[in-house]
Amino acid sequence: MMAHASATKVGQPAPRLELPDTEGDMHTLPMPGEAPATVVIWTCNHCPYALGWHDRLVQVARGYADSGVRLLAINSNDAERYPNDSLDAMRERVAAEDWPFPYLHDSSQEAARAWAAQVTPHLYVLDPDLRVRYEGAPDSDHMDPGQNAAWLRGALDSILAGQEPDPAATEPVGCSIKWK
Amino acid sequence: MVPRVELLWWEGCPGWEQALALVRDEMRALGLDADSVQVREVRTDEDAAHAEFVGSPTIRVDGRDVQPPDGEPTGLTCRVYRLRDGRISPLPDRRDVREVLEDAIKESGE
């Protein structure tokens, strides 16, 4: 696992993003218009932790859509060594599943480096000013769907209410990002 | 003969120590020496190819994978196991581990 000296931490402004999704459409941060909260998720196709938590993240996206919460999923893994994480494989997955958020491809890995993302999944929840207010895992157990992404939901509820999430940071658990 | 149990792991995936604990639990439950597990770190793609390692953790009993891979390529990656209840997991189903151990014990007694 690569160590990063300047991880994106709670309270800091989120680094900018400009990445294409599986259809080639660009997504940016900051984005046009404003979102009351934004969730940036480092994920991938091959990691059992990311796969185990995925349905819970989908449910969060659907449950908070009416509140205007925006979710972005990003795959930064080296697709040469991990073909399951290639753009084609990402596209196939989005086509086969019903994703309520865009799946962005960070082929250069610059976004992962800028954010100091470590594992998949690794979540950042941003307030309307795009400051990080929560960083970490969706909940405490990737094997227990009953956890229902409680930490992520709690962070979103706090931000939407204008409060500080508690906890504001948890240990991200998952597979290391596969660096080139 | 005592079954030869191996656990191969790679540092990019957490959970191999949980896998080791799971294997040792099942070995103890069957009266096997839990300390006899051969634990081996896989560090390079070359190591992975040589060991036919398709991801971490990989558990073999007398060379038989507890959940045989389905054509996955070798490499430094994480195993995606499917539990008997359908859930995706970084660890194999405990019952799969138990069955392979039981089969090895039976075969060694034949």
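Summary of computed values
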| read-out | value |
| --- | --- |
| Exclusive hit being exposed (fewer than 15 other Cβ atoms within 10 Å of the Cβ) and under 20 Å from A:Ala79 (Cβ atoms), set B:Asp85, B:Asp70, B:Asp33, B:Asp45 | B:Asp45 |
| Among (1) surrounded by 19 or more Cβ atoms within 10 Å (Cβ to Cβ); (2) under 14 Å from the mean Cα position of the chain (by Cα); (3) not acidic (Asp, Glu) - the single one B:Ala21 does not satisfy | (1) |
| Residue pairs meeting the criteria (Cβ under 6 Å; at least 6 apart or on separate chains; first modelled with pLDDT of 95 or more, in region A:146-161; second charged (D, E, K, R)) | A:Gln147/A:Asp139; A:Gln147/A:Asp141; A:Ala149/A:Arg56; A:Ala149/A:Asp139; A:Ala150/A:Asp139; A:Trp151/A:Asp139; A:Ile159/A:Asp127; A:Ile159/A:Arg133 |
| Tabulated pairs, region B:5-19, first in contact (Cβ under 8 Å) with a residue 24 or more places away in the chain and away from chain A (no Cβ under 13 Å), second buried (at least 19 other Cβ atoms within 10 Å of the Cβ) and aromatic (Phe, Trp, Tyr), C-beta under 8 angstrom, 6+ apart or interchain | B:Leu7/B:Trp16; B:Leu8/B:Phe53 |
| Test: residue in region B:75-83 that is basic (Lys, Arg), within 29 Å of A:Pro83 (Cβ to Cβ) and more than 11 Å from the chain's Cα centre (by Cα) | yes |
| Filtered residue count, region A:134-178, keeping only those that are within 13 Å of chain B (Cβ to nearest Cβ) and of a type in the set (Lys, Arg) | 1 |
| Answer from B:Asp93, B:Asp65 - the residue that is surrounded by fewer than 19 Cβ atoms within 10 Å (Cβ to Cβ) and within 14 Å of chain A (Cβ to nearest Cβ) | B:Asp93 |
| Sole residue being free of Cβ contacts under 8 Å to residues at least 40 places away in the same chain, within 14 Å of another protein chain (Cβ to nearest Cβ) and in contact with a Leu (Cβ under 9 Å, 6 or more places away or on another chain), chosen from B:Val80, B:Val39 | B:Val80 |
| Number of the condition not met by A:His27 [criteria: (1) without any contact (Cβ under 8 Å) to a residue 40 or more places away in the chain; (2) farther than 17 Å from A:Asp139 by Cα] | (1) |
| Sole residue being more than 27 Å from B:Gly15 (Cα to Cα) and either among the hydroxyl-bearing types (Ser, Thr, Tyr) or in contact (Cβ under 8 Å) with a residue 40 or more places away in the chain (or both), chosen from A:Asp139, A:Asp127 | A:Asp127 |
| Qualifying helices (runs of 4 or more DSSP H) (wholly inside region A:42-124; at least 1 residues being away from every other protein chain (no Cβ under 13 Å) and within 22 Å of A:Ile159 (Cβ to Cβ)) | A:48-63, A:110-115 |
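Residues checked against (1) among the charged types (D, E, K, R); (2) buried (at least 23 other Cβ atoms within 10 Å of the Cβ):
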position	(1), (2)
A:Asp85	yes, yes
A:Ala96	no, no
A:Tyr124	no, yes
A:Tyr134	no, yes
A:Asp141	yes, no
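The values are calculated or read from the model by the stated rules, or taken from the named source; none is laboratory data. Small disclaimer: the values here were computed from a predicted structure and weren't measured. Here Cβ is always computed from backbone atoms with ideal geometry, including for glycine, and neighbour counts include all displayed protein chains.
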